[in-house]
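Trainee: Below is one structure. I have some questions about it.
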Amino acid sequence: MNGIFFALLGASIATALAGFGSAKGVGGAAQASMGVLSEDSSMFGKMLVLTLLPGTQGLYGFIVGFLVLVNCGVLGGDIPTLGQGLAYFGASLAIGIGGMVSGFAQGKAAVSGIALSAKDDRNFSKAMVSVTLVEIYALLSFIVSLLVVITVPSLKI
């Protein structure tokens, strides 16, 4: 028995959950940005940056999912053993769940940052710092997933 099922399930979970978190985060931030832009269209650049930040989690999930596909025999590599397939699945859970939760949280922080910047344009940098602090946790999830995924082919499990 090989582990292709678990590897593919992991790739799907990494992409879907992280993408869901990003979509929810970007969607909420975009709604807040549109409200600000309806009053002052000159703030478009700043609103765009704050709106885009929650979208990185989906990118991280996609990268992990793609690397799993490259390594597990779908886009290259060898068919994984059952142990390797489970390792891919576990690695994918890290960015899937971490990306989803941080995408939600970063979206909420972005909405607050948008409101802060709308009241006083000089607060944009403070808003950016607060919103990017949430990014650290998405990056930690991504790094763990990435390290496991690139290690799995050499594991004899």
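Trainee: Out of the helices (runs of 4 or more DSSP H) lying entirely within the range 11-124, which hold 1 or more residues that are under 13 Å from A138 (Cβ atoms) and in contact (Cβ under 8 Å) with a residue 40 or more places away in the chain?
Mentor: 56-71, 82-119
Trainee: Among the candidates G99, G65, G103, single out the residue that is at pLDDT 95 or above, buried (at least 18 other Cβ atoms within 10 Å of the Cβ) and within 30 Å of S42 (Cβ to Cβ).
Mentor: After applying the criteria, what remains is G103.
Every residue, every condition in (1) touching a helix residue (DSSP H, G or I) at 6+ places or on another chain (Cβ under 9 Å); (2) at pLDDT 95 or above; (3) among the aliphatic types (A, V, I, L, M), yes or no:
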{"position": "A16", "(1), (2), (3)": "yes, yes, yes"}
{"position": "G27", "(1), (2), (3)": "yes, yes, no"}
{"position": "S41", "(1), (2), (3)": "no, no, no"}
{"position": "L59", "(1), (2), (3)": "yes, yes, yes"}
{"position": "A91", "(1), (2), (3)": "yes, yes, yes"}
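Trainee: Could you go through the range 41-61 and let me know if any residue there is under 14 Å from S102 (Cβ atoms), surrounded by fewer than 24 Cβ atoms within 10 Å (Cβ to Cβ) and β-branched (V, I, T).
Mentor: Yes, there is a match, as at least one residue in the range 41-61 is under 14 Å from S102 (Cβ atoms), surrounded by fewer than 24 Cβ atoms within 10 Å (Cβ to Cβ) and β-branched (V, I, T).
The values are calculated or read from the model by the stated rules, or taken from the named source; none is laboratory data. What you see is a predicted model; the values in this text were computed from it and never measured. Neighbour counts run over all protein chains shown; Cβ positions are idealised from the backbone, glycine included.
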